Amino acid sequence: MAAKKPSPKLGTEQAIDKKLAPQPDNDKTTSLAPHTADALGEKMTTNTGLPINDDQNSLKAGERGPSLLEDFIFREKMTHFDHERIPERVVHARGSGAHGVFKLYEPIPELTKAGFLNDAEIETPVFVRFSTVAGSRGSTDLARDVRGFAVRFYTQEGNFDLVGNNMPVFFIQDAIKFPDLVHAVKPEPDNEIPQAASAHDTFWDFISLTPESAHMVMWLMSDRAIPRSYRMMEGFGVHTFRFVNAEGVASFVKFIWKPLLGVHSVAWDEAQNISGKDPDFHRRDLWDAIESGAYPEYELCVQIVPEEDEFKYDFDLLDATKIIPEELVPVQRIGKMTLNRNPDNFFAETEQIAFHLGHVVPGIDFTNDPLLQGRLFSYTDTQLTRLGGPNFQEIPINRPVVPVHNNQRDGFMRQTINKGKTSYNPNSLSGNDPQQVKAAEGGFVSYLERIEARKMRAKSKSFFDHFSQARLFFNSQSEPEKNHLIDALTFELGKVKTVMVRERMLGILAQIDKGLAAQVAFGLGLHIPEALPVNQHVPADGDPADYQSIQVEGSLDRSEPLSMANTVKDSIKSRKIAILAADGVDDASLTTVKEALEAEEAVVEIIAPRLTITTAGGKIIPADHSFLTAASVLFDAVYVPGGTNSVATLEAEANAVHFLNEAFKHCKSIAAHADAMQVIDATYFSKKVQTDEGVIVGDDNAALADQFIAAIKLHRFWEREKPRLIPA
Ligand code: HDD
């Protein structure tokens, strides 16, 4: 495989200084190559290939004269520019993509006949797009929101899209409610406020009238909604899908992605600050990680339920507001995805990729989940407007790596030049080509599910338990996670202006957990209403009594994997560590810790009053940022080395002290050389240094580095939040 030439992709600060990692080609990226254009060393031309002599001046009647309509060069350039925007995605407008590969661990023929899940030798190219849901294309990455986790596998049997989220459940059970949900969460229609936020009246009005959303709301108010990185979040296919093996035997399957770096979040106050300091935080993090060779990795896991166990559980497998707890059906890790290449062009690849749940391969099929069924319509439909017509599958990023032949023809922007006279089937003039494919030779055959039913608009009673898994989620959280959830609900409902909506929501929360509802009610200065709000999702001729939530005694009280406290915490790879320094910094104190962190593959950046520092030893070294361009919220941890002059400067530098206070407030690891104690003493938290294990002070550089690394691995010291003493 040819390594990608380190291109001048110097869009980010990190890439300028750091060595660019190889970004390997795969079948898909090779297939994109003929569509790429590189203008380096080339002449400028019009779209018809005419060399352009003057791109600076339009054609005029005289030097000061009016412009002439004749100027075809101006007109071509301006017309293209005038039309270069397309509609953003109606949801998930804000996103970032990456290329990569998927490698299977062991074939699973007993479960599925899908080719890419039966050959552990091949690497299947993938393209992934991560996104937020509610905000516009230019909105902040750090909104409290669900994250999209859409993966396309370019398999030898065609494209398979796993269009998931970083949360395993959804707000609604039936796709017909999707436009209502999205209208409620999007900015309000009269004033288009607020952008990329669910903390407003229309969202909570809808949610408080939609008890089936209770479980998803727990996830949305948890720290899962503010990930530290796209590289540190799980992905879920959400629905129960179907695997079908070569014998035609089917089983139910849930798909889950588990990130090798663990699942981590930021603090809500931090998220809000990042939104100002670097709204591209997640996009930049993904790009920089791939450029530097810290390739994001995720294991693909499946939970399998044999067909005969369809009704074994106290929830319905077809209900997208339910998980299958891992304690009931363990996850099997079946392969690994590695994202190892950034796109060449955001618009051509990340913007134009058109995912669709209906892109399946033989061996993977659907179930009757009514949310899934509705999605099968929406995804292709939406591309017709977004990408301008039915030929979007011909856009390079959307083409499969296998040939496409059928009798679909024409339409706006058709690229393929189909030869021959026939574009219909059956035909005799072309020998009936292209030929249909027998199932035994790979032709897709829908699963032969038996269905005997009356046509009706209705919902199964098995979908009416709205609260027990919401409660399971809440019970499974650690103490700090529960506090964050309560704070998030208090924040969001505090932003709601209509008191009736707040109260109705308290009624829902009380069904989940009385203590949770009481704490949120306290924060809002309200009382919990006596009665559960009446479910408004009742058809005109329906009886409300038939639509009430029911309480099912769940078989589990807690599920360990639901808490991020139980995630992997064994690495500081790609974590961003700030070193605060100034002229006169002690050389050994700076370099020993810096090198130890870099040996663990952390990204270390020096922040100083100016962009160069002269060390105590007389070395002149560049700083990565000044205090003007850096902020603690953009880092995972901070270190203050010794050196008399440096320490004196930092102690008097309000931005340095603020940096440390804020890092402390957000529960991050802080290390300081004993000689830098003055700087720590200038902070609000100095009196706590003795007791907080996330604040490390020492005079042995190597030992200090070791302790610091061990602390950063733990991600955060959330217990620190309790006293709420830091005003940063
Ligand atoms: Fe959706 C985009 C995930 C329910 C209709 N959805 C979209 C994307 C993701 C999801 C990740 C962005 C894909 C990309 O990066 O281009 N959506 C989900 C999940 C759902 C879900 C996990 C619940 C399990 N979606 C859902 C429903 C409907 C839609 C019920 C409508 C019936 N979704 C769309 C859409 C979008 C979309 C309107 C907008 C842009 C696009 O499809 O390509 O068709």
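The values are calculated or read from the model by the stated rules, or taken from the named source; none is laboratory data. Being a predicted model, the structure only gives us computed values, none of them experimental. Glycine also receives a Cβ, built like all others from the backbone with ideal geometry; neighbour counts cover every protein chain displayed.
Key figures
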item	result
Single unsatisfied condition, Lys113 versus (1) farther than 30 Å from Val266 by Cα; (2) within 10 Å of the ligand (Cβ to nearest atom)	(2)
Of residues in region 591-614 being buried (at least 19 other Cβ atoms within 10 Å of the Cβ) and under 17 Å from Glu651 (Cα atoms), the one farthest from the chain's Cα centre (by Cα)	Ile613
Pairs where the first residue, in region 496-521, is under 22 Å from Asn483 (Cβ atoms) and the second is of a type in the set (Lys, Arg), C-beta under 8 Å, 6+ apart	Val496/Arg502; Ile512/Arg471; Asp513/Arg471; Leu516/Lys482
Qualifying positions in region 225-238 - within 16 Å of the ligand (Cβ to nearest atom) and touching a strand residue (DSSP E or B) at 6+ places or on another chain (Cβ under 7 Å)	Pro227, Tyr230, Met233, Glu234, Gly235, Phe236, Gly237, Val238
Hits in region 534-579 - residues which are modelled with pLDDT of 90 or more and among the hydroxyl-bearing types (Ser, Thr, Tyr)	Ser559, Ser563, Thr567, Ser571, Ser574
Residue ranges of helices (runs of 4 or more DSSP H) in region 132-220 with at least 2 members away from the ligand (no atom under 14 Å from the Cβ) and charged (D, E, K, R)	201-208
Sole residue being of a type in the set (Ser, Thr, Tyr) and touching a strand residue (DSSP E or B) at 6+ places or on another chain (Cβ under 6 Å), chosen from Thr132, Thr124	Thr124
Residue check, Ile395 farther than 28 Å from Ala250 by Cα and either touching a Pro at 6+ places or on another chain (Cβ under 9 Å) or among the aliphatic types (A, V, I, L, M) (or both)	yes
Unmet criterion (only one of (1) surrounded by fewer than 17 Cβ atoms within 10 Å (Cβ to Cβ); (2) within 16 Å of the ligand (Cβ to nearest atom)) for Phe355	(1)
In region 205-227, the residues that are more than 30 Å from Ile528 (Cα to Cα) and surrounded by fewer than 24 Cβ atoms within 10 Å (Cβ to Cβ)	none
Odd one out for Thr36, checked against (1) within 16 Å of the ligand (Cβ to nearest atom); (2) more than 30 Å from Phe178 (Cα to Cα); (3) of a type outside the set (A, V, I, L, M)	(1)
Candidate set from region 53-101 (those that are within 16 Å of the ligand (Cβ to nearest atom) and touching a Phe, Trp or Tyr at 6+ places or on another chain (Cβ under 8 Å)); member that is farthest from Pro179 (Cα to Cα)	Gly100
Region 358-371, subset of a type in the set (A, V, I, L, M, F, W, C) and buried (at least 21 other Cβ atoms within 10 Å of the Cβ), residue nearest to the ligand (Cβ to nearest atom)	Leu371
Single match in Ser58, Ser67, Ser96 (criterion: small (Gly, Ala, Ser), touching a His at 6+ places or on another chain (Cβ under 8 Å) and surrounded by 10 or more Cβ atoms within 10 Å (Cβ to Cβ))	Ser96
Test set (1) within 15 Å of the chain's Cα centre (by Cα); (2) within 20 Å of Ala637 (Cα to Cα) - Pro296 fails condition number	(2)
